[in-house]
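The values are calculated or read from the model by the stated rules, or taken from the named source; none is laboratory data. Note that this is a predicted model, so its numbers are computed, not measured. A quick note on method: Cβ atoms are made from the backbone with ideal geometry, for glycine too, and the neighbour counts reach across all protein chains shown.
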Amino acid sequence: PQRLPFANAPDSDYAQAEIRDRAWQTVSQVRQQLGQSYQPWINGEFVSTQGTAQSLNPSNPDEVVGTVGLISIEQADEAVATAKAAFTAWRQTPVAERAGILRKAAELMEQRRHELNAWMVLEVGKPLRECDGEVSEAIDFCRYYASEMERLQEETAYDIPGETNRYHYQPRGISLIISPWNFPLAIPTGMTVASLVAGNCTLLKPAEVSSVIAAQLAQILIEAGIPKGVFQFIPGKGSTVGAHLVKHPDVHMITFTGSQEVGCQIYRDAAGLQPGQKHLKRVIAEMGGKNGIIIDESADLDQAVAGVVQSAFGYSGQKCSACSRVIVLESVYETFVERLTEAVRSLNVGDASKPGTQVGPVIDGKAQQRIREYIAQGKQEGTVAVELASPQPGYFVGPIVITEVAPDATIAQEEIFGPVLAVLKVANFDDALRVANGTNYALTGGIYSRTPSHIDRAQVEFEVGNLYVNRGITGAIVSRQPFGGFKLSGVGSKAGGPDYLLQFLEPRTVTENI
Ligand code: NAD
């Protein structure tokens, strides 16, 4: 069997006026299509539901992006039953054919890049450029996992005279995907297509607030030719339908990305053996972070300020990889804080659907409220260096930098998931590493330094899944920077990396006496 080579998809070149104009025209066109209804896709059909949810534009919550049908428990059970029925044929479908569907989906995403960007700008308030990077990532996941499965389908021989020993992989069965809203296209795409190409029948339950984008993904997979029952789009409430499916005896594996709280709950729920269940479930859980960047006395401060601002305030700090702590050595602390403050002051906060916006809103009113409470707490735990005003009427929270924060302060320990940056002062590099490692999380981390011994030590001692040296800590690229954390940031191997697909497969050995 052949393995096609993988190459990353390039982002749109917005320096070209023509591309830029088309991108913004598409936002206006998509705006005309707001307010439609979207339905779950179960066993090859769009089905009506009793429950629905409205998805709102966080930059302007009066704008209803769409109404999404929410499945019931009975419909969830039906989806599992039809997935079971479709499994035999799907597992026998040649890898080339499965991979072909992923590549077709990638092609459709490439054709609809501007539209997908526009839907994301409007449904989750993400600035255009970042949406565009996300579409590239979704395309990359399709092509990369297609190529990875072509590699893994090769049987390995461990033969000895008189005996053949053949090692190969088979799919696991029924696979449940539970995705978050913050990368509303790339993350559900990555988890779903990995599961599908490995031969599993796959149910996608997206986050409620980003279900319209997830519906576009479902449409793309359907158009790409995914057979009925093999993929099913099942928007629904996490706490009811999600929790029910996690415990379903016929589900073999759960791939989750989201908060630590829900991830731990799923891990616990999935461990229990239900009546009739003949297997233990595998759980992949990618959870949060409290990511820090260390700035030492040898750092290039211009570079460091730019990297910290981008990492902390890109998508309003709502990335699992976002920087929420900056750990600065005493000798450069004053200068760094001064320059950081100036840089943050110049950020353009506003409606994500306006050109020029650098920082948009946060996802919804609940998040806005939660972040405001953390800010109130932070004001007791440190000194405000800069806080920007929040525009109206969306769910805005002004980016804020709080300095003189102690390592054990709440805002230095808990994931806030908003545009709130804590600055911590340390006496020396040993302290910097100790403080950096002093949380429950281990997702991303960074260091700005021109001291080789510091960089060497960070590589060994800084406990994070993805360490970035002298650059920002967000924006991992498929196959170049396989992504994921450990400690309470998650279990499972890295998305977009060479071990990822193995989690969706069951290895087998066949020994034959000859
Ligand atoms: P969330 O945990 O609130 O929700 C994630 C998903 O879980 C949603 O689809 C939700 O409906 C579902 N869910 C909720 N309760 C459930 C239950 N009891 N059983 C089953 N499913 C349930 O997270 P979120 O707010 O959507 O996303 C933000 C979080 O995701 C942050 O903590 C962020 O750090 C994390 N995240 C991590 C990564 C990573 O790769 N490590 C990537 C992106 C986001």
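Say we look at region 117-166 and pick out the residues that are polar (S, T, N, Q) and touching an Asp or Glu at 6+ places or on another chain (Cβ under 8 Å); which of these is surrounded by the most Cβ atoms within 10 Å (Cβ to Cβ)?
Of all residues in region 117-166, those polar (S, T, N, Q) come to 117, 136, 147, 153, 156, 164-165.
Checking which are touching an Asp or Glu at 6+ places or on another chain (Cβ under 8 Å) leaves us with 117, 136, 164-165.
Values: Asn117: 26, Ser136: 21, Thr164: 13, Asn165: 13.
Per the stated criteria, the residue is Asn117.
Pull up region 285-327, narrow it to residues that are farther than 14 Å from Val401 by Cβ, small (Gly, Ala, Ser) and in a strand (DSSP E or B), then point me to the one that is farthest from the ligand (Cβ to nearest atom).
Checking each candidate, the answer is Gly292.
Any residue at all in region 139-162 that is modelled with pLDDT of 95 or more, closer than 30 Å to Asp62 by Cβ, in contact with a Pro (Cβ under 8 Å, 6 or more places away or on another chain) and not hydrophobic (A, V, I, L, M, F, W, C)?
no
Kindly provide the set of residues from region 424-450 that are within 12 Å of Glu330 (Cβ to Cβ) and in contact with a Leu (Cβ under 9 Å, 6 or more places away or on another chain), ordered by number. Steps first, please.
To start, the set of residues in region 424-450 that are within 12 Å of Glu330 (Cβ to Cβ) comprises 424-429, 431-432.
Residues satisfying the conditions are Lys425, Val426, Ala427, Asn428, Phe429, Asp431, Ala432.
Scan (1) in a loop (DSSP other than H, G, I, E, B); (2) within 16 Å of Ser321 (Cα to Cα) for the single condition Pro498 breaks and write down its number.
So the condition that Pro498 fails would be (2).
Can you tell which of Arg91, Arg129, Arg98, Arg31 is closer than 16 Å to Leu221 by Cα and modelled with pLDDT of 95 or more?
Unique residue meeting the criteria: Arg98.
For region 334-349, name all the residues that are outside any strand (DSSP E or B) and buried (at least 19 other Cβ atoms within 10 Å of the Cβ).
Within region 334-349, Phe336, Val337, Leu340, Val344 meet the criteria.
I need every pair where a residue in region 253-278 that is over 13 Å from Ser489 (Cα atoms) and acidic (Asp, Glu) has its Cβ under 6 Å from the Cβ of a residue that is part of a helix (DSSP H, G or I) and within 10 Å of the ligand (Cβ to nearest atom), sequence separation at least 6 or different chains.
Pairs found: Asp269/Val246; Asp269/Lys247.
Tell me, which helices (runs of 4 or more DSSP H) lie completely within region 182-278 with 1 or more residues that are more than 10 Å from the ligand (Cβ to nearest atom)? I'd like the intermediate steps shown before the answer.
Numbers: elements: 186-197, 211-223, 243-247, 260-271.
Because the criterion is at least 1 residues that are more than 10 Å from the ligand (Cβ to nearest atom), the helices (runs of 4 or more DSSP H) in region 182-278 that meet it are 186-197, 211-223, 260-271.
Please report, ordered by residue number, the strands (runs of 3 or more DSSP E) entirely within region 396-466 with at least 1 residues that are under 22 Å from Gly382 (Cβ atoms) and within 16 Å of the ligand (Cβ to nearest atom). Give the derivation first.
On the way: elements: 400-403, 420-426, 444-448.
Hits in region 396-466: 420-426, 444-448.
Give the residues of region 231-251 that are crowded, with 24+ Cβ neighbours inside 10 Å and either under 14 Å from Gly44 (Cα atoms) or without any contact (Cβ under 8 Å) to a residue 40 or more places away in the chain (or both), sorted by residue number.
Of everything in region 231-251, those that are crowded, with 24+ Cβ neighbours inside 10 Å and either under 14 Å from Gly44 (Cα atoms) or without any contact (Cβ under 8 Å) to a residue 40 or more places away in the chain (or both) turn out to be Phe231, Gln232, Phe233, Ile234.
Are any of the residues in region 80-95 assigned to a helix (DSSP H, G or I), in contact (Cβ under 8 Å) with a residue 24 or more places away in the chain and closer than 30 Å to Gly314 by Cα?
No, there is no match, as no residue in region 80-95 is assigned to a helix (DSSP H, G or I), in contact (Cβ under 8 Å) with a residue 24 or more places away in the chain and closer than 30 Å to Gly314 by Cα.
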